[in-house]
1. Only residues that are in contact (Cβ under 8 Å) with a residue 24 or more places away in the chain, more than 11 Å from G172 (Cβ to Cβ) and not hydrophobic (A, V, I, L, M, F, W, C): list them for segment 208-224, please.
2. Hey, which of the helices (runs of 4 or more DSSP H) in segment 261-341, taking only ones fully inside, have at least 2 residues that are among the small types (G, A, S) and either at pLDDT 80 or above or surrounded by fewer than 16 Cβ atoms within 10 Å (Cβ to Cβ) (or both)?
3. Which residue pairs have Cβ atoms under 7 Å apart, sit 6 or more places apart or on different chains, and have a first residue in segment 251-268 that is closer than 15 Å to L280 by Cα and a second that is among the aromatic types (F, W, Y)?
4. Counting only residues that are part of a loop (DSSP other than H, G, I, E, B) and under 24 Å from L224 (Cα atoms), which one in segment 140-166 is modelled with the lowest pLDDT?
5. Does R220 satisfy the criteria of being farther than 22 Å from L61 by Cα, crowded, with 18+ Cβ neighbours inside 10 Å and touching a strand residue (DSSP E or B) at 6+ places or on another chain (Cβ under 9 Å)?
6. Would you kindly identify the strands (runs of 3 or more DSSP E) lying entirely within segment 1-108 that contain at least 2 residues that are at pLDDT 85 or above and in contact with a Lys or Arg (Cβ under 6 Å, 6 or more places away or on another chain)?
7. Hey, does segment 132-139 have a residue that's of a type in the set (F, W, Y), modelled with pLDDT of 85 or more and not assigned by TED's automatic domain parsing to the domain that holds P274?
8. It is to be established whether one or more residues within segment 234-246 are among the small types (G, A, S), within 23 Å of the chain's Cα centre (by Cα), within 20 Å of G97 (Cα to Cα) and surrounded by fewer than 19 Cβ atoms within 10 Å (Cβ to Cβ).
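The values are calculated or read from the model by the stated rules, or taken from the named source; none is laboratory data. In this text the structure is predicted, and so the values were computed from the model without any measurement. Positions of Cβ are generated from backbone atoms using ideal geometry, with glycine treated the same way; all protein chains shown enter the neighbour counts.
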Amino acid sequence: MEEGFELRRQEEAWMLVPRGKTPLVVAGRSCPAGGLPLSEACFLRCGGVALALCPREEGVLQLGPLRFASVAMGRAVFQVLAAAASTQPVLLEGPSGSGKELLASAVHRCGPQAQGPLVAVNCGALSRELALSELFGCERGAYTGAVRDRRGLVAEAHGGVLFLDEVSELPGETQAALLRVLEGAPVRALGSERPRRWTFRLVAAANCSLRERVARGLFRGDLLERLSVLKVRVPGLAERPEDLPVLWRHFAGAELPARPDPQILALLARYPWPGNVRELRGLMERLRVFGGGVLTPKLLLDLLLENGGLQAGPSRSELLRVAGMPRSTYYYRLKRSRESA
C-alpha cells in the first residue's frame, strides 16, 4: 500500500488519514490510525507553503489564494503537494478557469525550485512560426525580423519552473524539441551552433484530454508519456458545488452579501459553469455593476441565462417559480441566448 496521508472530509471536519504501515507524524505528534483532524494538525507545510484552515471559516482550506471545502478539490490539492517534492514534470488536466495556474504556482512554491523563477507561457498564444524561438531563443539574423539575440523562455526558467498553459496547442516541431530537452538533450537556439543545458521543472496544463489529441494525431504520444509522469486532474466548479459558498464569500467584497440566501445558492448549484471559477468571479462583478449590490433570484437567473441556462432536472421548475419567471419565458430567453452566442 502507498505510504503517506489521504485527505478526507468527515461531516464538518477535514481528516488526515494515514496510508500504509509506517507511523506518521504531523505537526510534531503521532497520527492515530483513524486520522487526525486538520484543525489539530494546524497545517501541512511543504516547502514555503502551508495548507491551512481558513480563519473564521469552518471547514474551509486555504492554499495561498486558493480556497476550497470540497473533497474533489482537496484530492487535487493533496496530489499537487505530494508531486511538488519531486523534480518530475507535472501535468494538470482540467477545464479552463478551474484553478490550474494557482496549482502550478503551488508546485513552484512547494518544490525544490522555489528559489528560482516561475516562467508562465500560454502556448495557445504562440504562433507556429515563432514558437521555437520563443521557447528556446534565437540569435540575431536567424530569421526575418530577428534583429537581436533572444534568450528564450527555457533559459529564463533556469533553476526554476516553466509553466506551459494550454500545452495541447504547441506546434508539432516544438513538441519534438521540448521532448528532447526533457530527455536531457542540450538546447540550441535558432541560428546558434552553441548548445546550452538548462535545468528547470516543467509544469504543463491542458483543458482537454491529451490522450484524445494523441489518438487524433494532434499531440505526440511520447511527449505525453513524459509529461504525465505525475498527472493531476483538476475538477471543474460544477463537480464541487460545496465550494460555491466558499468562493462566493471570497469574491463578495463589500458590495455583495457574504452569505447569499438558499434560493441564490440553489440557482448557482444548478448552473453548469462552463467557465468555472473565472466565470463565477465575472458573474459576481456583473452583479455589482448591474444589480447595485441588490441580489435577487430573478436578477441572477437573468445573468445565468446569458451564459447557457440551468441544468435540466426536477428542481428547475421550482427555481423558475422562485425567480418569478414563467417556463415559456425561460425557454424563449434561453433560445435567444444560444442563437446569439
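1. Across segment 208-224, the qualifying residues are S209, R213, D222.
2. So the answer is 262-270, 327-340.
3. Correct list of pairs: P260/W248.
4. At the first step, the residues of segment 140-166 found to be part of a loop (DSSP other than H, G, I, E, B) are 140-149, 151-152, 157-160, 166.
Then drop every residue that is not under 24 Å from L224 (Cα atoms), which leaves 152, 157-160, 166.
Working: G152: 81, A157: 90, H158: 90, G159: 92, G160: 94, E166: 95.
Step by step, filter segment 140-166, then rank; the result is G152.
5. no
6. 90-93
7. no
8. Taking every residue of segment 234-246 in turn, at least one turns out to be among the small types (G, A, S), within 23 Å of the chain's Cα centre (by Cα), within 20 Å of G97 (Cα to Cα) and surrounded by fewer than 19 Cβ atoms within 10 Å (Cβ to Cβ).
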